[in-house]
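See below for the structure under consideration.
Derivation of every value follows stated rules applied to the coordinates shown; laboratory data play no part. Everything numeric here is computed off the predicted structure, so don't read it as measured data. Note: ideal-geometry Cβ built from the backbone for every residue, glycine included; neighbour counts use all protein chains shown.
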Amino acid sequence: MSFKEAPRSPLQPPTYGNLITILSIDGGGVRGIIPSVILDFLESELQKLDGEDARLADYFDVIAGTSTGGLVTAMLTTPDEGGRPIFAAKDVKDFYLEHCPKIFPHDSTPLAPAANVVKALSGPKYTGEHLHNIIEEKLQEKRLHETLTNVVIPTFDIKYLQPTIFSSFMLNKVPSLDAKLSDICIGTSAAPTYLPSHSFQTEDSEGNALREFNLIDGGVAANNPTLVAISEVTKEITRGSPNFFPIKPTEYGRFLVLSLGTGTAELQEKYDATKSSSWGVLGWLAGGGSTPLVDVFSQASVDMADYHISTVFQALHSEENYLRIQDDTLSGDLTAMDLATEENMENLVKVGENLLKKPVTRVNLGTGICEPYHPTTNEMALKKFAGILHKEKSVRELRSPNTNKGLQVNREKTQMMPAVEHSFPDLQKLSTIN
């Protein structure tokens, strides 16, 4: 079984441009509302430049997402019957507002906290039935190879105790990864203690089983999938893909990366050693009414990925090519992954809107705080980012022989050549030397 290497979006391969463009979206449950607001703003800026039909999949070589970010990735890249994304960025927020209350039904009774503790001992907090149904309804039978641009979605296979990365770049080498996007999304969002694990198998064109998957939340492996996305591109370059020629694997100055977080608690907001030192199994599963074990593992992978990428880009003097947008000042109900009350969701929308007005930050691993390092706001940075994406797409169209613009430019060059040689006859002599 073979698959097309080139993305199906209007974006020509990086070999015709100057940059490799990557969008990455963290996991975080209902807090996926925060990056949805950011994505809506970015796409609206692109539409100002290229028209209302512009979509994010038209500008990014890779879109990566974990857990709730994996669902957003599929929404932005799965084609409808007309070959365009099933969701515009502005529709993602509305999807969350409509369906999260059914995915994470809220019990406001006084006995709810105690009931949650008991439930944590006997099974997942939610059945996942509505999540499964709505994902299958929206994504239907579409498979990984059909996405409009390359996607990278981390999951974790609990049977083999190792990450499974659903990557467009791996399909020719590992055809068994060509699963239905609905199965991939259900798997990557199956957060332990919150939603049930997900098992399925892929088959070849004749119905023969290729591989069985037993998946839980991709946040176990990479809640911030930015580094995974960069690694997948680097491997593709190393393999000699013509789509990335002549870019070298370590040319991070050619990467343009937008990494979106889903927010995290303000320092010392949720846990401390005094509280956690006395926790047993129940405490780590339901300390403070949340799930500390999940929070700790997911946040650790988020910050470590950001720390590593920031360090590499700074070392190669390419820090301006990496934009991380994250809010580490969440408090109270806003920190929950599953609180889908109308009030909390509207507050998460406001967090996203306010985040646009905040200065660009960088995580300080010594303090755990996102510190301002640039005078511009995230909104200003995204406007600049949109301009770069627009220019990169235009450059590729002009250079590529596969587009009307590229063909026109090549024809004009050919038509001009005799006149140039006539005006500068020495050029013809120089071209024949050696």
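Treat the range 301-350 as a sphere of radius equal to its Kirkwood radius over Cα pairs and apply Stokes-Einstein at 4 °C in a medium of 1.567 mPa s; give the translational diffusion coefficient in µm²/s, rounded to a whole number.
On the way: Rh = 13.2 Å.
Result for D is 98 µm²/s.
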Problem - Greater than 23 Å apart at Cα, pairs in 173/393; 357/384; 142/350; 235/391; 90/358; 102/138 - result: 173/393; 142/350; 235/391
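Classify the range 181-233: rounded, prolate or oblate, from the alpha-carbon gyration tensor (a ≥ b ≥ c, eigenvalue square roots; a/c under 1.5 rounded; otherwise prolate if a/b is larger than b/c)?
On the way: a/c = 3.04, a/b = 1.32, b/c = 2.31.
Note, shape of the range 181-233 comes out oblate.
Based on the Cβ-Cβ distance from residue 383 to residue 354, what FRET efficiency comes out when R0 is 25 Å, to the nearest 0.05?
Numbers: r = 17 Å, r/R0 = 0.68.
The calculated FRET efficiency here is 0.90.
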Problem - Inter-label distance, nm, simple model (7 Å from Cα along the C-beta direction), residue 272/residue 158 - result: 3.4
Handout entry: For the range 248-263, Karplus couplings with θ = phi - 60° (6.51, -1.76, 1.60), whole Hz, Gly/Pro x
Key = 8, x, 9, 7, 5, x, 8, 8, 10, 10, 10, 10, 10, x, 10, x
Exercise for the section: Could you tell me the distance between the Cα centroids of the range 176-213 and the range 375-406, to the nearest Å? Expected result: 35
Exercise for the section: Take the range 219-262, drop everything but the C-alpha atoms, weight them equally and run the Debye formula without solvent; then report log10 I(q)/I(0) at 0.14, 0.19, 0.33 Å⁻¹ to two decimals. Expected result: -0.38, -0.63, -1.22
Problem - Net charge, residue 65 excluded, C-beta distance under 14 Å - Lys, Arg +1, Asp, Glu -1 - result: -2
Handout entry: the range 343-390: relative contact order in percent, alpha carbon pairs under 8 Å with at least 6 residues between
Key = 31
Practice task
Quickly work out the residue 317-to-residue 172 label distance, labels modelled 7 Å from Cα along the C-beta direction, and quote it in nm with one decimal.
Solution key: 3.5
Exercise for the section: Return the Rg/Rh value of the range 327-393, two decimal places, where both radii are evaluated on C-alpha atoms and Rh is the Kirkwood radius. Expected result: 1.07
Exercise for the section: Mind computing the radius of gyration and Dmax over the alpha-carbon atoms of the range 173-283? Å is fine for both. Expected result: 19.7, 59
Handout entry: All-pairs alpha carbon distance profile, the range 121-200, 5 Å steps from 0, percent
Key = 3, 15, 24, 24, 18, 10, 4, 1, 0
Exercise for the section: State, to one decimal in nm, how far the label point of residue 307 lies from the label point of residue 204, with both points 7 Å from Cα in the Cβ direction. Expected result: 4.6
Exercise for the section: Please report the relative contact order for the range 289-387, taking Cα pairs under 8 Å with a sequence separation of at least 6, and give it as a percent rounded to a whole number. Expected result: 23
Handout entry: Stretch gain in nm, segment residue 94-residue 140, where the contour uses 0.36 nm per residue and the Cα spacing is subtracted
Key = 14.6 nm
